[in-house]
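All remarks here apply to the structure that follows.
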Amino acid sequence: MRNLAVMLVIVALVGVAVYQNVISESAALPTEEAPKQNFLAPSFSAETMSGDEIEIGGARDKALLLNFWAAWCHPCHTEAPDLAAFADKYKDDLDIVAVNVTNIDDLDNARDFVDEYGFTFPIPLDPKGDIQKLYNVYSYPTTFLVNRDGVIRHVILGIRPPNDLERMIKDTIKG
């Protein structure tokens, strides 16, 4: 009888531990959208440079690197080859979307920029600056790394050395 009581206590404790682990995982997901770390990435839809419509927000099949850039931005030119390389290297685990701040950029120059660096990922246009405002972007480049759950894991103002950016990409892909 004593062994049965001990077994029941052990089973109950294991059950409580499993239940708390499941509850704490679901409770860890934020419910509020904000353009900052550990919040859900704000949702938006926009027309891309190629004329397609894109929607951002919510859970995804892959992690997301969301970049804001302009053709006149010298640091954006510095960062562009790394973005193109990471798009290819992590194509199975990471989507890259690079928002052109069209309201303060020249569209022809932006097209030349995309061609120069061989961008193959979507380039949403922001002709009224609505997406920039939604994400509180005031300097370029600005990058948000978003996990599959739609949660922003890293916010990067300016450029980072490629190895730092890659480390953050790997961290975001993991969760």
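The values are calculated or read from the model by the stated rules, or taken from the named source; none is laboratory data. Please read all numbers here as calculations on a predicted model, not as lab measurements. Neighbour counts are summed over all protein chains in view; Cβ atoms, including those assigned to glycine, are modelled from backbone coordinates with ideal geometry.
Some points to look at:
- Yes/no for Ser50 being at pLDDT 95 or above, part of a loop (DSSP other than H, G, I, E, B) and of a type in the set (Ser, Thr, Tyr): yes
- Here Ala87, Ala59 are screened, and the one residue that is in contact with a Gly (Cβ under 7 Å, 6 or more places away or on another chain) and assigned by TED's automatic domain parsing to the domain that holds Tyr135 is Ala59.
- A count restricted to the range 26-80 and to residues that are surrounded by 17 or more Cβ atoms within 10 Å (Cβ to Cβ), under 26 Å from Arg167 (Cα atoms) and of a type in the set (Val, Ile, Thr) stands at 1.
- Within the range 86-111, the set of residues being surrounded by fewer than 18 Cβ atoms within 10 Å (Cβ to Cβ) and in contact with a Pro (Cβ under 8 Å, 6 or more places away or on another chain) comprises just one member, Asn103.
- Residue among Val155, Val114 that alone is at pLDDT 95 or above, assigned by TED's automatic domain parsing to the domain that holds Ala87, over 14 Å from the mean Cα position of the chain (by Cα) and of a type in the set (Val, Ile, Thr): Val114
- Number of the exception - Glu33 against (1) modelled with pLDDT of 95 or more; (2) closer than 18 Å to Asp130 by Cα: (1)
- Every residue from the range 59-81 that is touching an Asp or Glu at 6+ places or on another chain (Cβ under 9 Å), of a type outside the set (A, V, I, L, M) and over 12 Å from Ile123 (Cβ atoms): Arg60, Asp61, Lys62, Trp72, Cys73, His77
- Scanning the range 149-175 for residues that are polar (S, T, N, Q) and touching a residue at least 40 places away in the same chain (Cβ under 8 Å) turns up just one, Thr172.
- Residue ranges of helices (runs of 4 or more DSSP H) in the range 66-175 with at least 3 members touching a strand residue (DSSP E or B) at 6+ places or on another chain (Cβ under 6 Å) and closer than 22 Å to Leu40 by Cβ: 162-174
- Filtered residue count, the range 114-136, keeping only those that are more than 15 Å from Thr102 (Cβ to Cβ) and touching a residue at least 60 places away in the same chain (Cβ under 8 Å): 1
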